[in-house]
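All of the numbers you see were taken from the coordinates with simple rules; none came from a lab. Bear in mind the structure is a predicted one, so any value in this text is a computation, not a measurement. As a convention, Cβ positions derive from the backbone with ideal geometry for all residues, glycine included, and neighbour counts pool all protein chains shown.
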Amino acid sequence: MTIMKNTFTNPILKGFYPDPSICRVGEDYYLATSSFDYFPGIPIFHSRDLVHWEQLGHAIHRPEQLDYSKAAFSEGAWAPSLRYHNGVFYIINTFVTEGREAERMNYIVTAADPAGPWSDPIVVKGADGIDSSLFFDDDGSVWYCGNYISKEKLYPSHHGIYLCELDPETFQFKGERKIIWDGKWSHAKYIEAPHIYKMNGMYYLIVAEGGTFFNHCVMMARCKTIDGNYEICPRNPIVSHRHLSLMHPISVTGHADIVETQNGEWWMVLLGVRPYTGVQFNTGRETFLVPIVWEEDGWPRIDNDDGIVHFEERLPNLPTTYYPVSCPNDQFESETLGLQWNMIRPAKTSFYSLSERKGWLRLFMQEKTLADNYCTPSFLGRRQQDQYFAAGTAMEFHPASDREEAGIAMVQSNEFHYLYTVQAEGGQAYLTLSKNFNQAEFFDNQYLGVDLKKDEIKRLPLPGYQGKIYLWVQNECETYSLYYGFEESQRLPFLSGLDASLLSSNVAGGFVGAYLGMYCSSNHAPSDNYADFDWFQYYPFEG
């Protein structure tokens, strides 16, 4: 007998998929998230039941769409807003380079099909701030809504939300910019992530507040006119976990978008994290889903018993729709990379090939390393989506000099990563583990207390190395264990108890989650060598 579940499990998108934005077209739902400096950028997902999702593509999928050359880690493509109007999909997004306090570029891309192709960006001239969004009103007008840093600076992080009409043909400002929520009205910090909705003749404005970490929350206001004096919800915040322990199983909830189903239900997508010991989270900020209901006073709340986000929530009243489950083992037999793979910034010249050796991925040596900023190292990675997982690869690599290395990289940023690689010295092959740990921009490194640069942790001679090796990484929440072998089924221990917190967003700072994947470098020396990878596996297990 089959027992049908009446609940689903959060997060609906596991791993680094923050700042979700959602829209509905008929019976289909589409969702986009941030990607920062990873490329292809702004992943696009599709669902028919809000629980099961398939990735369709990316909105930023051509190197010429955006110039990432001055985008550091945690810069690049910030929170997108995805909307649909009259047969066209729109994404408006803030692109950040040259420091987070520099002027940001807000741009729009469009597509007839959310799977792509997406257009070249149209820059909205004069649009400052971050987290911009679009609203298409019933009268045909188009509105830009975004945040700004207050010139009054009455208190730290004094921000607000402004609105301006857009020309529907050029997508440029027309008319007067109007402030519709000044942080001083509610004594709010870091007001951002605005979205506007229209229901029952009222305009509703939803925003995030408190910064994207432990004081994060969702706030709401409303007005009878789109550009008028917005009334702030007396029960704000409508969603937050900031009153709970930092070690609550789901933390930092906020940055929301809402959607009405074809059956009249309302649902909210928002970000959250799953912390482990020490308030660490390697999986980054993830996408969660909760039901909401509109109360008699016209304000919404989470539609469950206690008003917070849970791992188990009731199912939407929608027909369950499954999509093909991705194989955990990528054999590299396709002509193009799978959608799970990203590089760090678009490559000016290709550093990989799927055709040089059929059924293998070839990474070409580059002088740049993972520790270098404003470049694209020879790294192809995928998100860490679980606190307990195993991942591995089969690699063929013949070091041609003592500076070359190839293997697996575990990455939080250019300043915080582990390298598990094969190197050579004096004709002898070695298996090595090293870490980078530099001064973080936002945090004082209270967790590790040292400042290291390419610190080698362990080196193991590989006598008789013939050029092929199997490398494995196993994550047991707080620690990583590393294994190797010369046969696929062989797991020889290399090192256990490796501190996972080096790859936590709370240690490294910034806004991305951990990645892991294939890497090679000639470490600032010229080289025409390469490393070949037969396959890469990633699969979660129960902790």
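With Rh defined as the Kirkwood radius, the inverse of the mean 1/r over Cα pairs, the Rg/Rh of the chain is 0.98. Summing +1 for each Lys or Arg and -1 for each Asp or Glu among the other residues whose beta-carbon sits under 11 angstrom from that of residue 215 gives +1. Evaluated on the stretch 329-540, the Kirkwood hydrodynamic radius is 17.2 Å, with distances taken between all distinct Cα atoms. Entry note: the stretch 143-226 has Rg to Rh equal to 0.99, where both radii use alpha-carbon atoms and Rh is the Kirkwood radius. Let a ≥ b ≥ c be the square roots of the eigenvalues of the Cα gyration tensor of the stretch 490-543; is it rounded (a/c under 1.5), or, if not, prolate (a/b larger than b/c) or oblate? Because a/c hits 1.5 or more and a/b fails to exceed b/c, the stretch 490-543 counts as oblate.
For the chain, the relative contact order works out to 14 percent when only alpha carbon pairs closer than 8 Å and six or more residues apart are counted. For a straight C-alpha distance cut-off of 25 angstrom, the lysines reachable from residue 224 (same-chain residues fewer than eight places away being disregarded) are 174, 178, 184, 198.
Highest average first, the peptides 519-526, 407-414, 206-213, 353-360 ordered by how many other beta carbon atoms sit within 10 Å of their residues are 407-414, 206-213, 519-526, 353-360. Helix content alone sets the calculated 222 nm mean residue ellipticity of the chain: runs of n ≥ 4 DSSP H residues at -39500 (n - 2.57) each, divided across all residues, give 0 deg cm²/dmol. Scoring 36-47, 234-245 by mean Cβ neighbours within 10 Å over their residues and listing the highest first yields 36-47, 234-245. Apply the Kirkwood formula to the stretch 7-314: the hydrodynamic radius equals the inverse of the mean of 1/r over all pairs of different alpha-carbon atoms; give it in Å with one decimal. Roughly 19.4 Å, rounded to one decimal. Dimensions of the stretch 1-154 from C-alpha coordinates, computed as largest minus smallest value along each principal axis and given longest first, are 63, 40, 39 Å. Listed values for the stretch 394-408 are Karplus-derived 3J(HN,Hα) couplings in whole Hz (6.51 cos²θ - 1.76 cosθ + 1.60, θ = phi - 60°), namely 9, 10, 10, 7, 10, x, 9, 8, 6, 8, 7, 8, 7, x, 10, and x replaces Gly and Pro. For the stretch 296-410, rounded, prolate or oblate, judged on the Cα gyration tensor with a ≥ b ≥ c (square roots of eigenvalues), a/c < 1.5 rounded, else prolate if a/b > b/c? It comes out prolate by the Cα gyration axes.
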